[in-house]
Each structure stands twice: as structure tokens, then as C-alpha cells.
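For reference, the structure discussed in these notes is given below.
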Amino acid sequence: MTGVASLAPFLGGALVLGGIAAAASGRRELLLRWCCWAVGVPLAVGAFWWGGPGVTALALAVGVVAAAEYGGLMGLALPDRAVLAAAVCGVVLASWLAPGQEVRVAAAGALAVAAVPLVAGDAAHGLRRAGAGLFGLVWLSVLAALAPLGATALVLFIAVSVGDIVAYFAGQRLGGPRLSPLSPAKRWSGTVCGAAAALGVLATLSELSLPMAVAVAVGAPAGDLLESMVKRGVGAKDSAHWLAGSGGLLDRIDSFLLALAVLLVLR
């Protein structure tokens, strides 16, 4: 099992190489993305190094921001977004403070999410609001697994991130058939190369197993397509516009969320 401390040199080297590649490309968008990684990666590693409290705090922050972005994408009213964020946070807190009670807390959160349009008496859009909120709760509650998984979740995030980067560049260089109508820019060539790179990261960090392999090779690409489906359904390009060069936080963790869900199912 890989420890958090042992990942620091690997992450430092990856950031340096990424910075060199971004600078060599001469593309402002990639440089901005690298700057975000240079700030975010040390914060994430520090949270995992702290242990349960740090990872839980990180998951809570990510959950609130992701719920706000998702609510904005779906056009949910402020009360819907607030209850969704609270429900996600409740599941995350349960994973740390009351292990084994996550499903019960998620069920209570689902009732609260569905109750918002019900109490408002929204006959015109109530079903859409409730459905969107429940989907968001299922999608984002997987963040509750970060604290129990610990360093394994961090390794998964690293592998998925490397796979995403390789898939992006390989797809542009190699071309070939499109992966899905949901994301016309993505190619099968990039997806295969990205999966191979992610598996290589897992092997390097001594975390290569069948559940982890399926998570990065299948779950991660599917997660990206899932968010693309959501965005295309509402006619949006990005989940938000506050993260320099990256759109929003959901745009950066979409692959990781479903990879994490696949890992939980297979474990």
C-alpha cells in the first residue's frame, strides 16, 4: 500500500514535467491549467497527509463547490442548491464520523432534496428539480469515499489525471474514430493511450489491481462522457468559469468521480 509521503516526490516530478510541457506548448490555456495544478496538488496532498480530518475537509470543500456548479448547470434555484450541498456534506461527514451510516444519511438527504420543490408547490418544474437534485446527490456523494480510502484515493486521482492529460494530447496527435457523439473532440486513440498511461502510473506506485485498473481504464473515460452528457443537455461548454484555463471544478474531477464509484463497486 502506497503511503501519502512516498507520493510527494512522484507528484513533484510530475508537476515539473507538466510545467515544462505546458511552457513548451506555448499555449496560454495549458499554462493556466498547470498553475491551477501547481496550487491544488500541494493542498490535496497536505489534506491526505493530515489524515481523516484533512481529507474530510477537502471532500466537504469539493462537495460544496461541485454542488454549486452542478446546480448552476441545471438551473436549480438557490434552495435546491443549498439542500443538495448540505446532503452531500452530510454523507461525507458520515463516512468520517459514523462509518456504516452513509446509506442512511444519503437516504435522508434524498428526501430533503425531493422535499424542496414539493414544499414550494412547483407543479411546472418540480419533477425536473427533484430528478436533477437526486442525480446530483448520487453523483457527488461518492466523495464520501475519500477519507476511508485514504492514500488509495490519492493514487487513483493521480492515475486518472495523468490518463486525462495523455488522452488529450494523444487524441489530437493520432486522430482516428471519435469516442462518442457526447464528446466529438475525444478519440479512441487518445482514450486507449490515456488508459495505458494510467495503468502505468498504478504499476509504478504498486497499486495495480483489477478494481483499480477497471476504474482508470473504464470508469474515468465514462465519467468524462457523463459530464459531457449533462453539459450538452443544458447547452453548456463548461461547468463554471472561475477556474483559470479549466472552466470549473466539475470539469476537472468528472473522470475521477466515476472512477471512484467504479472502484467502490468492485472493492
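The values are calculated or read from the model by the stated rules, or taken from the named source; none is laboratory data. Just so it is clear, the model here is predicted, and its values are computed rather than measured. Here Cβ is always computed from backbone atoms with ideal geometry, including for glycine, and neighbour counts include all displayed protein chains.
Taking Ala59 as the residue in question, decide whether it is under 30 Å from Trp96 (Cβ atoms), touching a Gly at 6+ places or on another chain (Cβ under 6 Å) and either at pLDDT below 85 or crowded, with 16+ Cβ neighbours inside 10 Å (or both). Against the criterion (under 30 Å from Trp96 (Cβ atoms), touching a Gly at 6+ places or on another chain (Cβ under 6 Å) and either at pLDDT below 85 or crowded, with 16+ Cβ neighbours inside 10 Å (or both)), Ala59 does not qualify.
Only one residue in Ala144, Ala130 is part of a helix (DSSP H, G or I) and touching a residue at least 40 places away in the same chain (Cβ under 8 Å). Which one? Show your work before the answer.
On the way: Ala130 fails: touching a residue at least 40 places away in the same chain (Cβ under 8 Å).
It is Ala144.
For the range 214-224, the count of residues that are in contact with a Pro (Cβ under 8 Å, 6 or more places away or on another chain) and either in contact (Cβ under 8 Å) with a residue 40 or more places away in the chain or farther than 24 Å from Ala21 by Cβ (or both) is zero. Of the residues Val88, Val55, which single one is assigned to a helix (DSSP H, G or I) and either within 22 Å of Ser228 (Cα to Cα) or without any contact (Cβ under 8 Å) to a residue 60 or more places away in the chain (or both)? So the residue among Val88, Val55 that is assigned to a helix (DSSP H, G or I) and either within 22 Å of Ser228 (Cα to Cα) or without any contact (Cβ under 8 Å) to a residue 60 or more places away in the chain (or both) is Val88.
Here is a yes/no grid of residues against (1) under 14 Å from Ser239 (Cβ atoms); (2) over 16 Å from the mean Cα position of the chain (by Cα):
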| position | (1), (2) |
| --- | --- |
| Ala44 | no, no |
| Trp49 | no, yes |
| Gly54 | no, yes |
| Leu58 | no, no |
| Val65 | yes, no |
| Gly75 | yes, yes |
| Val83 | no, yes |
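Within the range 134-143, is even one residue surrounded by fewer than 20 Cβ atoms within 10 Å (Cβ to Cβ) and over 14 Å from the mean Cα position of the chain (by Cα)? Yes; the residues of the range 134-143 include at least one that is surrounded by fewer than 20 Cβ atoms within 10 Å (Cβ to Cβ) and over 14 Å from the mean Cα position of the chain (by Cα).
Could you tell me whether Ala159 is touching a Pro at 6+ places or on another chain (Cβ under 9 Å), in contact (Cβ under 8 Å) with a residue 24 or more places away in the chain, part of a helix (DSSP H, G or I) and crowded, with 23+ Cβ neighbours inside 10 Å? Considered against the rule, which asks whether it is touching a Pro at 6+ places or on another chain (Cβ under 9 Å), in contact (Cβ under 8 Å) with a residue 24 or more places away in the chain, part of a helix (DSSP H, G or I) and crowded, with 23+ Cβ neighbours inside 10 Å, Ala159 comes out as no.
Comparison of Ala38, Ala44, Ala67 shows that the only residue that is at pLDDT 80 or above, surrounded by fewer than 18 Cβ atoms within 10 Å (Cβ to Cβ) and either assigned to a helix (DSSP H, G or I) or of a type outside the set (Asp, Glu) (or both) is Ala38.
Within the range 222-245, at least one residue is in contact with a Cys (Cβ under 9 Å, 6 or more places away or on another chain) and not in a strand (DSSP E or B). Filtering Gly175, Gly171, Gly200, Gly194 for residues that are over 27 Å from Ala107 (Cα atoms), free of Cβ contacts under 8 Å to residues at least 40 places away in the same chain, crowded, with 24+ Cβ neighbours inside 10 Å and not hydrophobic (A, V, I, L, M, F, W, C) leaves a single hit, Gly194. Within the range 157-204, the set of residues being at negative phi and touching a Phe, Trp or Tyr at 6+ places or on another chain (Cβ under 7 Å) comprises Phe157, Val160, Pro177, Leu179, Gly190.
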